[in-house]
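For reference, the structure is listed below as structure tokens.
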Amino acid sequence: MPESLAVRRTGTTRVMAQVHEVLDSFASRDNNGEILTAIRHFPAREAQWAEFPKWVNTNLVSAYHAKGVQQLYTHQAAAAEAVHAEKNVVIVTPTASGKTLCYNLPVLNAVLEDPDTRALYLFPTKALAQDQLAELYDLNQRLENCFGVFTYDGDTPADARKAIREKGHVVLTNPDMLHTGILPHHTRWTRLFENLRYIVLDELHTYRGVFGSHLCNVLRRLRRIARFYGREPQFICCSATIANPGELASRLLESEVEVLDSNGAPAAEKTFIFYNPPVVNRALGIRRSYINESARVAQEFMRRDLQTMVFANSRLNTEILLTYLQQANPRLPGKAEKLRGYRGGYLPNERREIERGLREGKIRGVVATSALELGIDVGSLDAVVMAGYPGTIAATWQRAGRAGRRSGSSCAVLVASSAPLDQYMVRHPDYFFGRTPEHAFIQPDNLEILVNHLKCAAFELPIAPDEKFGDVDLPDLCARLAETGFLHLAGENYHWTHEAYPADTISLRSVTSDNFVIIDITGEPNVIGEIDFPSALVFVHEKAIYLHGGLQFHVEHLDFKERKAYVKRVDVDYYTDAVRYTQVRVLEVAATSSSSEAKEIKEVKEKEPLASITSVHAHGDVLVRSQVVGFKKIKFFTNETIGDGKLELPENEMHTTSYWITLERPLLESLPFSISEKQLGMFGLLHALESVATLLLMCDRRDLGTAIGENPRSPHRPVILSEAKDLSSDWRRLPQESEFFVPNLYLYDAYPGGIGFSEPLFRAHDLLMEKTRELISSCECEEGCPSCVGPAGDLAPRAKEAALAILDRLCA
């Protein structure tokens, strides 16, 4: 092992000794020093203690003592004092630093002092709320059940809801339920709102982008209703480490917030490894499958009986990894399964059982999506393996923090995929380890989002002329809604006019609430999971192989009317991957900029300058139509495509915003390539543009969609609106025979109405071009690879060269 990667091995614990064995096994295969690109050792940190504040109720102190909490960490004491001083606070400490006590202590103390006090806890997921319920229930038992604590979510039985509204001192819910189940029915929650003193926002860092923009508007409605009942609740926020927690909290709450970012919690020693799968074809830049390598890395830990969590970035990869690991670790006869999967779509009871099995040590390995990334208590794991870069530095540390917790040595391994961002991180580890996590941004005044919540607000309470709701002209918006029939002006106030309440049709997470139930009909019909509408078209279309818990099910029938998918258990050696076809139409151009100065292009024949070479970049409104048109059968382990099939499924439409680049005819004519090579160069360029755009915007790759289409001014086909096809489509569908094809390269917001990414991309056009050229030109491959212009098997040999030639002209 290179000296620069050496780790101290003195005084190691049992876990660290086994981690070193794993490292040695990796190093023995790393002959060129290209696989283990970084090994960083973080030493243990001692706890910093403080006494319970004097004002805390003695019964509450005794309850904590009985739980084994004799003293507080310094940041817990500081947080309790700030809350007691009636300040809005945001507590920023790493995973497993005891943030729960920071808000439970002052809230429960207030309830014990005044039994009328009410508190509302908001968690981003139902699982987190259930996890915190167990902690509060334990404290309540020790306090002889002197307060009511309940979860209120979609799983709450109807007959229990009335009792919760009356008797709940602390109500645990999620933003979605607050939005659809509490605020529209606030008259039933009079007891809560008349006495609402505290609102707790846990996992604040998750409220960014679309979800955070929605939540800000939900909190506007919440504060508006609380003021109606004469209350101004105090906010307590908790966040993992991000760059701008104070700014994010202030924007969400629209008020001043005190940031508490010291950390007195102990930390065990941790080793963090960057693992880059070995290159199998250097000319094409092809590496071993990161899914296969992640399974191999996880197996190294598991065969040494180290409790391991594997994170995958999609449901499909979760099930593929689980399949591989279960085959390597077969279940022993008469023994319980020690290796489980965990993701959205599993039923609640199944997820609770897995969490309990991890805490008790009965489950030795779990493969999960980001559903286990947040602070659900699963005990102290020994190792975390990440199959692919999670997308942000903050999320990577959050996942790494699931191992070790406060005691016990641990190891985290990031296995890089061939995606450009993954490769950038593992090749530049100092960028990762030396950089603070990203900023979290929200845009709550996005008109599409704000108007929807304004409708909800009008349903909840009439809108008065002097009210404020975001940074918009409220009287003008209300007048427009009145013109379209949503509101009615009675006296000075605007009232909701429709019978249905609007919150039911508005999703906070850009996912429809219209779910399909998955039914196993191998024997007696049995519900095994559920899936949202857009995902159903991809994962449970007819003839698909649906993976669940490492088992394979063949989809027999997808019933759109009843929203049911019927599946049968099968044992096959392949899985299916859907092929999606997308069209984009430009509806309205918001702004455009062109470059038409004379530019000298050296590659042009006769070496003459071309005065008319231009490119245009713009942003505006578009209509995106997508449809799943077929599927591929992909063999386990080898990833060979062994078959395919065609499908006829409903088409989805979405009105959103987009940024696009138009490559004008003179630019294309100056390229010394065939028409098909030019088109492949465009696909490669768009692949790289998407990667760089996510880095500049600090957003998730799934927040952006990409497509290539014909410009409406193209003489090839005189149409008014342009169409585009996404990268998953067959490039051969584009009009190769035409030399007049003038393409638009689209980067669109993958969210109805847009979330505001297109305008920043338009403004950062020059920087985007420059950084994309750096990404492609610095890649070591010869003819293009997944780390720069996309999968080599999908592109011609000159795709990289063509993409760089286009960029040279765009940057000239």
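What whole number of Å gives the distance from the Cα centroid of the range 370-391 to the Cα centroid of the range 321-348?
When both Cα centres are located, 17 Å separates them.
Suppose each label sits 7 Å from its Cα in the direction of the beta carbon; what would the T638-E51 distance come out to in nanometres?
Inter-label distance under the simple model: 7.2 nm.
Given all pairs of different Cα atoms, what value in angstroms does the Kirkwood hydrodynamic radius of the range 125-259 take?
So the Kirkwood estimate lands at 15.8 Å.
Can you give me the relative contact order of the range 143-268 as a percent, contacts being Cα pairs under 8 Å and 6 or more apart?
With pairs under 8 Å counted, the relative contact order is 22 percent.
Where q = 0.06, 0.08, 0.09, 0.11 Å⁻¹, what log10 of I(q)/I(0) comes from the Debye formula for the chain, counting one point per Cα?
The Debye formula, applied to the Cα set alone, gives -0.42, -0.76, -0.97, -1.43.
Would you mind working out the accessible area per residue for the chain, using a 1.4 Å probe, and quoting it in Å²?
That works out to 42 Å² per residue.
Could you rank the peptides 758-768, 330-340, 169-179 by their average count of other C-beta atoms within 10 Å per residue, with the highest value first?
Highest mean packing first, the order is 169-179, 758-768, 330-340.
FRET efficiency for N59 and E256, Cβ-Cβ distance as r, R0 = 41 Å, nearest 0.05?
Efficiency, from the Cβ-Cβ distance: 0.80.
Gain in length, E166 to Q327, computed as 0.36 nm per residue apart minus the alpha-carbon separation, to one decimal in nm?
52.8 nm
How about the range 155-229: which chymotrypsin sites (Phe, Trp or Tyr not before Pro) there are in a DSSP loop, with at most 15 other Cβ atoms within 10 Å of their Cβ?
Y229
Strictly under 4.7 angstrom between C-beta atoms: which cysteines of the chain have no such partner?
When partners are defined as cysteine Cβ atoms under 4.7 Å apart, the chain leaves C102, C146, C216, C237, C238, C411, C456, C478, C699, C811 without one.
If the chain between T505 and H185 were fully stretched, how many nm would it gain, using 0.36 nm times the residue separation less the Cα-Cα distance?
Contour length minus Cα-Cα distance gives 113.7 nm.
Scan around F311 for amide H atoms under 5 Å from its own, H built in the peptide plane at 1.01 Å from N, and keep only partners 5 or more places away or cross-chain.
Long-range HN contacts for F311: A368, V385, M386, A387.
Take the range 89-174, compute every pairwise Cα distance, and split them into 10 Å bins from 0; I just need the percent in each bin.
16, 51, 29, 4
Along the Cα→Cβ direction, 7 angstrom out, place labels at D808 and R14. What is the inter-label distance in nm?
Reported label-point gap for D808 and R14 is 6.2 nm.
For the chain, give the percent of accessible area contributed by carbon and sulfur heavy atoms, probe 1.4 Å, rounded to a whole number.
Answer for the chain: carbon and sulfur cover 48 percent of the accessible area.
Let me know the shape class of the range 257-402, please: from the alpha-carbon gyration tensor, a ≥ b ≥ c as square roots of the eigenvalues, rounded when a/c is under 1.5, otherwise prolate if a/b is greater than b/c, or oblate.
oblate
Can you tell me the FRET efficiency between L447 and D155 if r is taken as the Cβ-Cβ distance and R0 is 25 Å, rounded to the nearest 0.05?
In this case the efficiency is close to 0.15.
Among 664-674, 617-627, what's the highest-first ranking by average C-beta atoms within 10 angstrom per residue?
617-627, 664-674
Would you please give the FRET efficiency between V589 and N526, computed as 1/(1 + (r/R0)^6) with r the Cβ-Cβ distance and R0 = 35 Å, to the nearest 0.05?
0.10
Test of understanding: what is the full-extension gain from K67 to A243, defined as 0.36 nm times their sequence separation minus their Cα-Cα distance?
Full-extension gain reported as 60.0 nm.
How high is the relative contact order of the chain, given as a whole-number percent (alpha carbon pairs under 8 Å, six or more residues apart)?
11 percent
Where Lys and Arg each count +1 and Asp and Glu each count -1, what net charge lies around R303 among other residues with Cβ under 13 Å from its Cβ?
Every neighbour counted, the sum reads 0.
The values are calculated or read from the model by the stated rules, or taken from the named source; none is laboratory data. Nothing here was measured: the structure is a model prediction, and the numbers come from that model. Glycine also receives a Cβ, built like all others from the backbone with ideal geometry; neighbour counts cover every protein chain displayed. Note: areas computed on protein heavy atoms with side chains; ligands, DNA, RNA excluded. Shrake-Rupley method; radii C 1.70, N 1.55, O 1.52, S 1.80 Å.
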